[in-house]
Number of protein chains: 2
Amino acid sequence: MSIIRKTKTVKLLLKEFNKSNEAISVIELIDKFNKKMDKTTVYRILDRLEDSRILHSFVDQDGLKRYAKGASNTDFNNEPEIHPHFLCEDCGTSSCLPVTIQIPDIPNYTIKSAEHLLIGRCKDCVS
Amino acid sequence: MSIIRKTKTVKLLLKEFNKSNEAISVIELIDKFNKKMDKTTVYRILDRLEDSRILHSFVDQDGLKRYAKGASNTDFNNEPEIHPHFLCEDCGTSSCLPVTIQIPDIPNYTIKSAEHLLIGRCKDCVS
DNA sequence: TTTCCTACTGCAATTAAGTTGCATTAAACA
DNA sequence: TGTTTAATGCAACTTAATTGCAGTAGGAAA
Ligand SMILES: [Zn+2]
Ligand SMILES: [Zn+2]
Ligand SMILES: [Zn+2]
Ligand SMILES: [Zn+2]
């Protein structure tokens, strides 16, 4: 958990995440802020924000890293929890889902964490 | 679903998958067969085997593609199903898990498919 | 306010996974 | 055995992510 300086670039990224609860891919952020900061800076700030548990990340189906608000193993009320992530196959938007997924006991395996990626249509894309 | 010729390289890869039920990363395969075939060939054969539903794939935590025996949306008895994948954080081995994970109904979202990656320790690595 | 420390940034170069184009090779089948 | 065309190898390329380093700017302390 590193100390984070409130630099202009950090503020810009935090503002972006505070706009909505969506999970944003690094690529989108690099593209969006290509006039404001270098891609290296984007990667490094996201890294630090995740270390500080201000953001959490997951890897989507295409192998791209996505970030969203909050710590990974707490829910929206800060209770420990693993939550699934949703990805709309139509519009590409992604978000954390405030539901709990039950993992059955599996003999011979000790499960410590899990990544759940649900793919489908968001409410704006159901045709 | 393309027709697949039984070339030497295809046979080599199939033999590897028939050795065990593990999910193997493309990188491992490229490395293992670097004397026997080009990496392009590995990628293309895996592609075809997945098209033909002989293998299925998923993306692991590091964004690396992994392949395992069987079609993705059928279980070991060929019944339609989504199964989770396991990754041992200790030895790095990965496998399909023959259990069913229940996805709760989520208002405003239509879920079509899911990827479940469970991380922990396999039976050989519990200390 | 000014000074100082060092976290942070930008840039260029590099790594690594995966893809593409094309000439050549070898399965498969009549 | 010859013909067809799927499949291969190789080189070049694309894209996401990382690294090294010199220079910049937070922010604490004087
Ligand atoms: Zn949508
Ligand atoms: Zn989340
Ligand atoms: Zn293990
Ligand atoms: Zn599987």
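Run through the other copies and list how far each one's label point is from that of B:C91, in nm with one decimal, shortest first; the point sits 7 Å from Cα along Cα-Cβ.
So the distances to the same position in the other copies read 4.6 nm.
What is the distance in Å between the Cα centres of the stretch A:87-106 and the stretch B:19-57?
So the two Cα centres are separated by 28 Å.
Divide by every residue of the protein assembly as shown the summed helix terms, -39500 (n - 2.57) for each DSSP H run of at least 4, and state the resulting mean residue ellipticity at 222 nm, rounded to the nearest 500 deg cm²/dmol.
On the way: 6 runs with 64 residues, N = 254.
Taken over the protein assembly as shown, the calculation gives -7500 deg cm²/dmol.
Output the relative contact order of chain A, whole-number percent, from Cα pairs under 8 angstrom with separation of 6+ residues. Don't skip to the end; give the middle numbers.
Numbers: 165 pairs, mean separation 27.8, N = 127.
Computed over chain A, the figure is 22 percent.
Can you pull the three principal axis extents for the Cα set of the protein assembly as shown, in Å, largest first?
Ordered largest first, the protein assembly as shown gives principal extents of 58, 50, 38 Å.
Inter-copy label distances at A:D62, 7 Å along the Cα→beta-carbon direction, one decimal in nm, shortest first?
Those separations, rounded to one decimal, come out as 2.3 nm.
Relative to the longest principal axis of chain A, what angle (0 to 90°, nearest 10) does the C-alpha long axis of helix A:39-51 take?
Relative to chain A, helix A:39-51 is tipped by roughly 50 degrees.
Dipole magnitude of the stretch A:8-126 about its Cα centre, charges +1 at Lys/Arg Cβ and -1 at Asp/Glu Cβ only, in debye to the nearest 20?
Details: 17 positive and 18 negative charges, 151 e Å.
That gives the stretch A:8-126 a dipole magnitude of about 720 debye.
Output, in nm with one decimal and in ascending order, the distances from the B:S113 label point to the matching label points of the other copies (7 Å from Cα along Cα-to-Cβ).
In nanometres, ordered from closest: 2.5.
Considering amide H positions built from the backbone, and no H for Pro or chain starts, which residues 5 or more places from B:A23, or on another chain, come under 5 Å of its amide H?
B:S94, B:S95, B:C96
Report, to the nearest 10°, how far helix B:8-19 tilts away from the longest principal axis of the Cα atoms in chain B, using its own Cα long axis and a range of 0 to 90°.
Between helix and principal axis, roughly 40 degrees.
Determine which chain B residue has its Cβ at minimum distance from the rotation axis mapping B onto A, giving the value in whole Å.
B:G63, 2
Rank B:I106, B:T40, B:S52 by how far each Cα sits towards the positive end of the charge dipole of the protein assembly as shown (+1 on Lys, Arg Cβ; -1 on Asp, Glu Cβ) and give me just the farthest.
So the residue furthest toward the plus end is B:T40.
Just so you know, all these numbers are worked out from the coordinates, no wet-lab data involved. Source: prediction; values computed, not measured. Backbone-built Cβ (ideal geometry, glycine too); neighbour counts: all protein chains shown.
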